[in-house]
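One structure below.
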Amino acid sequence: MPTLWIDADACPKVAREIIVRAAERTGTRTWMVANHAIPLPPSRWVKSRTVAHGFDAADDAIVEAVLSGDLVVTSDLPLAEAAIARGAHVMTTRGEALTRDNIRARVQMRDFMETLRASGEHTRGPNAYDDADRREFANALDRWLRRHA
């Protein structure tokens, strides 16, 4: 059974709760990796790993540990790209699959938007995480776990 690696620094609390329930239900090893303590219920399957504070410390820890076939849950595109390069599956907390086929375009769009912001252009950030996002993520995670159990 693959391991779930969660970029917990930016993972919405409701998504972490969905992950914990899914890991318990399926008996899936899960690591919540962050640069601060993540409160978790006692679990045989879900563990927290706190890394040093610093830019991308949690991302680096995930990339170092992830194995081919594992699932990384993140919306961080450079982390997603590195995990995909190591053979991992990647899903955002909105249930979107990031793959070899779409990651390059996503990274290029992110870089373009950063360039716009640096030039003074006002861009809006992502929409608030809502019930539809929560449902889509829960369904996508369940589908992934069924396929890879």
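Just a few scattered comments:
- Odd one out for Gly69 among (1) of a type outside the set (Ser, Thr, Tyr); (2) under 13 Å from the mean Cα position of the chain (by Cα); (3) within 22 Å of His148 (Cα to Cα): (2)
- Of the candidates Arg86, Arg94, the single residue that is within 21 Å of Ala140 (Cα to Cα), of a type in the set (Lys, Arg) and at pLDDT 95 or above is Arg94.
- Which listed residue is of a type in the set (Asp, Glu) and surrounded by 19 or more Cβ atoms within 10 Å (Cβ to Cβ), from Asp9, Asp59: Asp59
- Test: Arg124 is farther than 24 Å from Met1 by Cβ, assigned to a loop (DSSP other than H, G, I, E, B) and modelled with pLDDT under 95: yes
The values are calculated or read from the model by the stated rules, or taken from the named source; none is laboratory data. Note that the structure is a prediction, hence the values are computed from the model and not measured. With ideal geometry, Cβ positions are generated from the backbone for all residues, glycine too; neighbour counts draw on all protein chains shown.
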